[in-house]
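The values are calculated or read from the model by the stated rules, or taken from the named source; none is laboratory data. In this text the structure is predicted, and so the values were computed from the model without any measurement. Heads up, the Cβs are rebuilt from the backbone with ideal geometry, glycines too, and the neighbour counts pull from every protein chain shown. Calculation scope for accessible area: heavy atoms of the full protein, side chains included, ligands and nucleic acids excluded. Shrake-Rupley method; radii C 1.70, N 1.55, O 1.52, S 1.80 Å.
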Amino acid sequence: DGNELAEIADYMKEETTTKGSEEFHGIAEGKNVIFVSLESLQSFVIDNTMNGEEVTPFLNSLIDESYYFENFYHQTEQGKTSDSEFIIENSLYPSPRGAVYFTHAQNDFHSLPEILGENDYYTSVLHPNNKSFWNRDVMYDNIGYDHFYDDTAYDVTDENSVGWGLKDKDFFEQSIPYLEEMPQPYYAKFITLTNHYPFDLDEEDATIDQYDSNSNTLNKYFQTVRYMDEAVEDFFDYLKETGIYDDSIIILMGDHYGISDFHKKAMKMYLDEDEYTDYLHVQLQRVPFIVHIPGQEGKVISKIAGQVDVKPTILNLLGIDSDTDLSFGTDLFDDERKDYVALRDGSFITDDYVYTKDQCYDRETGELLGLINTATDDEDEAAACKPYIEKVENELNYSDQIIFGDLFRFYDFDKK
Ligand code: GP9
Ligand code: MN
């Protein structure tokens, strides 16, 4: 029954679902939304160099004229790209195991494409892979996308493919005609592919050197990141040439990490760190989140943020009330925001602290303040993290209950 839902819905209404910033409410009303999910892009390459060369020159320049959230964390688990999609579409947490896209694709959700559809948006996904990968065709249909431009919508040949499929530059180029014919206003989600493990690239597409470390993976990563950066630059050129740019806002986000903990030694070397601590691991879960609104200068925003915040942020920018929704995230342009970001494994980040694996760290300095659940002298210091531990567990648990129990089928989102 819906009894568990009543408690959870009350919690979400009280604690995590907000009205959003008044200043930003509706500033992109009626505009197209072009959302670009950037495969495996982590924040550590942004504004950084490798062998003296900028890794992401285009994104760096784009950030100068965008809102850039430098402390934005991915919250994905085993469902990888599909988890990141699930989180931004629903402002719920992904499953602790497996992928919601597979395990609960038939649930009742109150997803972004459905809400946008009700507000006269045409919604689609563009991604040149088999439609059933991650069970996307089933999930997309359920949550209300009007169309999925899958691999069959693209001319994919040996020449224009590498690694997982169509190269990003060809992907964007071939997508432009689709954008031109789309009914406006539209929400179009692009998912890139080339910067995916094992980061293969044709020699002629490599414009910077490989890194030199014991990790072949990290060494190649810089080249595919740079390739993706160039592909996004081309995409912006197309958008400007066709005039689409002027009627759109463009949002770019890294989906999840690309370099796992297997590459500690090489990462330590690249980042010039003495030790690869659990603190560093958490900080490396930051992915870029960029909101580009043509004509606005933007700025770098340092407050902590996460993928659950994307849905309410988009709704508020478009002038769609987000307080009739049930979300675990809050509008990123609102000053009245939740003061923590929960990762799926129970780790979390607050303004002051980073908590992971029973350790409470100072967020700014990375200093280990103390251990939880251990009778040590520094327990008092670590106590600062304590109140959040239960909060975060509770919230993740609520999200799981919604998904595992398909609880939204009992909720009337239309009631005023
Ligand atoms: C596949 C692409 C990559 O279509 O989105 O998925 P991932 O392995 O990153 O979850
Ligand atoms: Mn991915």
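Tabulated data for the structure shown
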{"quantity": "Whole-number percent relative contact order across the chain, with pairs defined as alpha carbons under 8 Å at least 6 apart", "calculated": "28"}
{"quantity": "Principal axis dimensions, the stretch 39-114 - Cα atoms, whole angstrom, descending", "calculated": "49, 25, 17"}
{"quantity": "For the stretch 313-416: relative contact order, % (alpha-carbon pairs under 8 angstrom, 6 or more apart)", "calculated": "16"}
{"quantity": "Contour excess over end-to-end distance, with Cα ends at Glu390 and Lys303 and 0.36 nm allotted per residue", "calculated": "29.1 nm"}
{"quantity": "Phi to ³J(HN,Hα) by Karplus 6.51 cos²θ - 1.76 cosθ + 1.60 over the stretch 16-21, Hz, x for Gly, Pro", "calculated": "10, 9, 10, 6, x, 4"}
{"quantity": "√(5λ) per eigenvalue of the Cα gyration tensor, the chain, largest first, Å", "calculated": "31, 29, 20"}
{"quantity": "Interchain or long-range residues, amide H under 5 Å from Met50's placed H", "calculated": "Val55"}
{"quantity": "Over the stretch 136-251, relative contact order from alpha-carbon pairs under 8 Å, at least 6 apart, %", "calculated": "24"}
{"quantity": "Probe 1.4 Å, protein heavy atoms only - accessible area per residue of the stretch 219-366 in square angstrom", "calculated": "35"}
{"quantity": "Largest-first principal axis extents, alpha carbons of the stretch 1-92, Å", "calculated": "59, 36, 23"}
{"quantity": "Distance between the stretch 259-284 and the stretch 67-88 - C-alpha centres, whole angstrom", "calculated": "20"}
{"quantity": "Convex hull of Cα atoms in the stretch 221-291, direction-averaged projection (nm²)", "calculated": "5.7"}
{"quantity": "Ala383 paired with Gln401, simple spin-label distance in nm, labels 7 Å along Cα-to-beta-carbon", "calculated": "3.0"}
{"quantity": "Equivalent ellipsoid, the stretch 229-345 (semi-axes from 5 times Cα gyration tensor eigenvalues, Å)", "calculated": "30, 23, 11"}
{"quantity": "Heavy-atom accessible surface of the chain: percent carbon and sulfur, 1.4 Å", "calculated": "41"}
{"quantity": "Under the Karplus curve 6.51 cos²θ - 1.76 cosθ + 1.60, θ = phi - 60°, whole-Hz ³J(HN,Hα) for the stretch 384-392, x wherever Gly or Pro sits", "calculated": "4, 7, 3, x, 7, 4, 5, 3, 5"}
{"quantity": "Whole-percent pair-distance distribution, where bins are 10 Å wide, for the alpha carbons of the stretch 149-203", "calculated": "21, 51, 22, 6"}
{"quantity": "Residue-span extension gain [Phe262 to Asp321] - 0.36 nm each, minus C-alpha spacing", "calculated": "16.9 nm"}
{"quantity": "Euclidean distance between Cα centres, the stretch 42-59 to the stretch 285-307, Å", "calculated": "17"}
{"quantity": "Estimated [θ] at 222 nm from DSSP helical runs (n ≥ 4, -39500 (n - 2.57)) normalised by residues in the chain, nearest 500", "calculated": "-9500 deg cm²/dmol"}
{"quantity": "Separation in nanometres of the label points that stand 7 Å from Cα toward Cβ, at Glu181 and Glu29", "calculated": "3.3"}
{"quantity": "Accessible surface of Asp406 - all protein chains present, 1.4 Å probe, nearest 10 Å²", "calculated": "30"}
